[in-house]
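Student: Here you go, one structure.
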Amino acid sequence: MGYNMTFDVESGDFATAGQASRKIKKKLQDLGISSKIIRRIAIAGYEGEMNLAIHSDGGQILLDAEPGVITLRLEDTGPGIGNVDLAMTEGWSTASDSVREMGFGAGMGLPNMRNNADGFEITSRPGVGTKIKMTFDL
Ligand SMILES: Nc1ncnc2c1ncn2[C@@H]1O[C@H](COP(=O)(O)OP(=O)(O)O)[C@@H](O)[C@H]1O
Ligand SMILES: [Mg+2]
């Protein structure tokens, strides 16, 4: 192994949102990662990708596959999260009505990411951006 790749996620692009997490899933299958772990990474990656598309000004997903651990990093360029503890609360969402009509905004994305990953770190600076690092032990 020792594989890494970067995916750009554009803000508000619902037509292509989900593409990066699909490619990541496919790559992990090619690498022979167990389907049980791929499922967790796919869920967490999809939630992270949708958050970049819905809530951020755009960003990147960085995949790093090493012997023993898969790391997914999400990095965006704003607007940041004012209260991370609140954002991590199940059911808490700032999604607009139009986003909710598309079926998003249940406020479960960040909690699901934390629950599916073995390691979860989030740092956010209002006006600067948000960084999330998730690790999955193999
Ligand atoms: N990358 C991000 N940039 C800015 N705000 C974010 C980001 N990710 C999440 N948030 C904030 O955290 C809230 C909770 O996120 P999440 O649990 O995924 O729920 P949902 O996406 O359904 O609103 C969002 O409504 C939003 O206010
Ligand atoms: Mg979300």
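Student: Might you let me know whether segment 117-131 holds any residue that is touching an Asp or Glu at 6+ places or on another chain (Cβ under 9 Å), open to solvent by 80 Å² or more (accessible area, probe 1.4 Å), in a loop (DSSP other than H, G, I, E, B) and more than 20 Å from residue 13 (Cβ to Cβ)?
Tutor: Yes, the conditions are met somewhere in segment 117-131.
Student: Then there is this: Restricted to segment 95-113, and to residues that are part of a helix (DSSP H, G or I) and over 16 Å from residue 75 (Cα atoms), which residue is most open to solvent (accessible area, probe 1.4 Å)?
Tutor: If we take residues in segment 95-113 being part of a helix (DSSP H, G or I) and over 16 Å from residue 75 (Cα atoms), then 101 is most open to solvent (accessible area, probe 1.4 Å).
Student: Also: Counting just the residues of segment 14-62 that are open to solvent by 40 Å² or more (accessible area, probe 1.4 Å), more than 20 Å from residue 108 (Cβ to Cβ) and not in a helix (DSSP H, G or I), which one comes out modelled with the lowest pLDDT?
Tutor: Ranking the candidates gives 15 first.
Student: Next question, about the same structure. Of the conditions (1) within 16 Å of ligand 1 (Cβ to nearest atom); (2) over 22 Å from residue 128 (Cβ atoms); (3) modelled with pLDDT of 95 or more, residue 82 satisfies every one except a single condition; which number is it?
Tutor: Going through (1) within 16 Å of ligand 1 (Cβ to nearest atom); (2) over 22 Å from residue 128 (Cβ atoms); (3) modelled with pLDDT of 95 or more one by one, residue 82 breaks only (2).
Student: Cβ-Cβ below 6 Å, separation at least six or inter-chain, first residue in segment 77-99 and more than 16 Å from residue 113 (Cβ to Cβ), second more than 15 Å from ligand 2 (Cβ to nearest atom) and open to solvent by less than 40 Å² (accessible area, probe 1.4 Å): which pairs?
Tutor: Sorted first by the residue in segment 77-99, then by its partner, the pairs are 77/129; 78/129; 80/129.
Student: Within segment 58-73, can you find the residues that are closer than 17 Å to residue 12 by Cα and without any contact (Cβ under 8 Å) to a residue 60 or more places away in the chain?
Tutor: 58, 60, 61
Student: Give me the pairs: first residue in segment 37-55 and more than 12 Å from residue 72 (Cβ to Cβ), second residue modelled with pLDDT under 95, beta-carbon distance under 7 Å, and six or more apart or on different chains, which are they?
Tutor: Filtered contacts from segment 37-55: 50/17; 50/104; 53/12; 53/13; 53/14; 53/17; 54/99; 54/104.
The values are calculated or read from the model by the stated rules, or taken from the named source; none is laboratory data. Here the structure is a predicted model, which means the values were calculated and not measured. Every residue, glycine among them, receives a Cβ derived from its backbone with ideal geometry; neighbour counts consider all protein chains shown. Ligands, DNA and RNA are stripped out before the accessible areas are found, and what is left, the full protein with its side chains, is counted by its heavy atoms. Shrake-Rupley method; radii C 1.70, N 1.55, O 1.52, S 1.80 Å.
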